[in-house]
Amino acid sequence: MSVNGMPLKNRLVVKQQWICDLCGEVIQSDKDGMLEWEKSYSMESGEFSSVQNNFRIVHGRWMDQCVDNRPDHNLADGHLHWYTGPDGLNKLLGKLTESGVDKDSLIEIIRRLHVDYYEEARMLLDYAEEDGYDLDEDGYIPEEDLKVFIRKFGNKTD
């Protein structure tokens, strides 16, 4: 039987659950998580500028998980449910236009929140590369390939 003919046994509910970047556990819903990033300010030529980087998906501070792992300086954040759905995608795309934003880090977050199967398959990319899959430089992976990774390598994260 080909890999494509195998049933898809994904562990995460697509676009409803994510893996916390601090503790590695499942965030059960967008109501349980936060999007946070580091934001620092500087003054150059008499004008304020900011740098925003290290975007990550984490459990909310009101959750018991990973409370002690979180840095407490220069953090900006927002409830994860603010960044899911069509309005959330629109907010994130708008943030891409801000100066000082680490676009690669933010694009990865957009994929994780808005591309079907990406959150689960991204944990399997090393296995896919070892198996000969050549990842595009821009990070684009077709949905069917994401499903193949889950089918073929998903048991390696159990």
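The values are calculated or read from the model by the stated rules, or taken from the named source; none is laboratory data. This is a predicted model, so every value here is computed, not measured. Cβ: placed from backbone, ideal geometry, glycine included. Neighbour counts: every protein chain shown. SASA here: full protein model, heavy atoms, side chains in, ligands and nucleic acids out. Shrake-Rupley method; radii C 1.70, N 1.55, O 1.52, S 1.80 Å.
For SER50, state whether it is open to solvent by less than 60 Å² (accessible area, probe 1.4 Å) and farther than 16 Å from ARG122 by Cα.
Taking the combined requirement at face value, the residue satisfies it.
Got at least one residue in region 116-138 being more than 19 Å from ASN10 (Cβ to Cβ) and under 17 Å from the mean Cα position of the chain (by Cα)?
Yes: region 116-138 contains one or more residues that are more than 19 Å from ASN10 (Cβ to Cβ) and under 17 Å from the mean Cα position of the chain (by Cα).
Tell me whether region 108-123 contains one or more residues that are in a loop (DSSP other than H, G, I, E, B) and either farther than 20 Å from GLU25 by Cβ or modelled with pLDDT under 95 (or both).
Yes, that holds for at least one residue.
In the set GLY33, GLY24, which member is open to solvent by less than 50 Å² (accessible area, probe 1.4 Å) and in contact with a strand residue (DSSP E or B) (Cβ under 6 Å, 6 or more places away or on another chain)?
Details: GLY24 fails: in contact with a strand residue (DSSP E or B) (Cβ under 6 Å, 6 or more places away or on another chain).
Being open to solvent by less than 50 Å² (accessible area, probe 1.4 Å) and in contact with a strand residue (DSSP E or B) (Cβ under 6 Å, 6 or more places away or on another chain) holds for just one of GLY33, GLY24, which is GLY33.
Please work out which residue is least open to solvent (accessible area, probe 1.4 Å), limiting yourself to region 79-107 and to residues that are outside any helix (DSSP H, G or I) and hydrophobic (A, V, I, L, M, F, W, C).
Step one: list which residues in region 79-107 are outside any helix (DSSP H, G or I), which gives 79, 83-84, 96-102.
Next, only the ones that are hydrophobic (A, V, I, L, M, F, W, C) stay: 96, 101.
On the way: LEU96: 36, VAL101: 15 Å².
Within region 79-107, the match that is least open to solvent (accessible area, probe 1.4 Å) is VAL101.
Using the structure shown, decide if ALA76 is outside any helix (DSSP H, G or I), aliphatic (A, V, I, L, M) and either within 30 Å of ARG151 (Cβ to Cβ) or at pLDDT below 95 (or both).
Yes.
Which residue out of LYS95, LYS156, LYS91, LYS103 is at pLDDT below 95 and out of contact with any Asp or Glu (no Cβ under 9 Å at 6 or more places or on another chain)?
Every option except LYS156 fails the conditions.
Would you mind finding the one in TYR140, TYR118 that is farther than 30 Å from SER49 by Cα and open to solvent by 20 Å² or more (accessible area, probe 1.4 Å)?
From the options TYR140, TYR118, the qualifying one is TYR140.
Could you say whether any residue in region 69-78 is over 13 Å from the mean Cα position of the chain (by Cα) and either within 24 Å of ALA121 (Cβ to Cβ) or aromatic (Phe, Trp, Tyr) (or both)?
no
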